[in-house]
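Everything below concerns the one structure shown next.
Rule-based calculations on the coordinates, nothing more; no lab input. Everything quoted here is computed from the prediction, not taken from an experiment. Cβ: placed from backbone, ideal geometry, glycine included. Neighbour counts: every protein chain shown.
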Amino acid sequence: MKTLEQLRADVKKAVGALEDFEKGIVDDAGEPRDMTQEEFANYEKLTKAVEEAANVMAAKERADKAAAAGAVPADGKSGKLPAEVKDDKLFKTFGEQLQAVINAGINKDRAPDPRLKWQPLVRAAGGNESVPSEGGFLVQTDFSTALMTLMHEMGQILPRVRKIPISGNANGITLPSIDETSRATGSRWGGVRVYWADEGATVDASKPKLKNIELKLNKLMGLAYLTNELMQDAVAIEAIYKQAFAEEMAFTVENSIYSGTGSGQPLGFMNSGALVTITAESAQAAATINADNVLKMMARMPIRSVANSVWLINQDALPQLWKMTIAGAGSHLMYAPPGLTNDMKNAPFGTLMGRPVLPVEYASTLGTVGDIVLVDLSQYLMIDKGGVSASESMHVRFIYDEMAFRITFRVDGQPAWKTALTPFKGSNTLSPYITLETRT
């Protein structure tokens, strides 16, 4: 049988062949492209060769380790586990484990609780048992389900945008759209016109004007490495990593819908040519939002979009809403907090002018443009390719006995409106994306 060094050379050769193949899958511009059917068959063949070589090498490593069992002491000295671990290997409660973790972080000059299985690892590029923030204290599986409940609430924006389906072989889509920028007579539907005609008379011909909206998939990707020791000791760590990256992707995509540049990522409505920015009131104090701001923002929302609109705000803006009143035969609150709304499910943070208020992390700092936005998210178009895709492999880091996780999401989006709309009568343009200028 080949030596371990020879087997490592075999794996290195197989990995090199796979990497060379992957580098060749590029388009004329040098960008990665989809493989042809023949190329995919070759890719599977090369991948299988890497897996087989890696499996043979791993079997040899396990055999060598088994033969040399006991040569590397578990505690670095005696070859045995410390007595206190032998007597009580596991924590009784999750709280007890957390206390041990906290003490290990605070008391740097004292040895941590041996039940944390604190064992140094060398050359680990990613998550491992040695570094606490990279999974060092996730080695006991008893409390993994309790840990997994500590998740963030995500997705205030994504469920509300208009998702456009694309075929399995497509990398984008071109959508025909009505090119309408004004509701003046002769401009509706981009130029449709009808006339009151006398009997027997004719009228001028007209037709709608169309434009194309192009969406092309962009790739969002995350990569992580985990040691096989960590994977074996904490079976939940893989799920934790996948959940962490999935949430980070949701955050990144929603942030791009809010304020993306459109270059290699979705175009955010805050960077749309249709964005309407309301002027602050004369002598308005910095970092404030008042009733007149809100009334003027609502007045610029197209009537058809009002029913779908939501207020997206920075959480720091919530105290401003409680102060908003309209004077009349008494003082009336403009903001209805959750306890005063009829529909708690659809308005968990209350309503402003009858529309739901949603605090989001993507909103700008209080007092700056984008800290409060009135938006109809159904007027934002988005495509994606099969949702979040997670894959794993030990090919890349096989020398270090680490597993590689790669998570990808192919997505694009942009506002459906390119410009604000001039109404049939009135001087102010309308848009489904309304914000307030910076107040200094």
For the table K60/K242; K163/K211; K13/K45; K163/K219, the rows whose alpha-carbon distance is greater than 23 Å are K60/K242
What is the distance, in nm, between label points placed 7 Å from the Cα along the Cα-to-Cβ direction at T261 and at M221?
1.9
What's the FRET efficiency of T368 with S206 using the Cβ-Cβ distance as r and R₀ = 45 Å, to the nearest 0.05?
0.50
Expressed in nanometres to one decimal, the distance between label points 7 Å along Cα→Cβ at K323 and D292 is 1.5
For I313, what is the net charge nearby, where nearby means another residue's Cβ is under 13 Å from its Cβ and Lys, Arg count +1, Asp, Glu -1?
-2
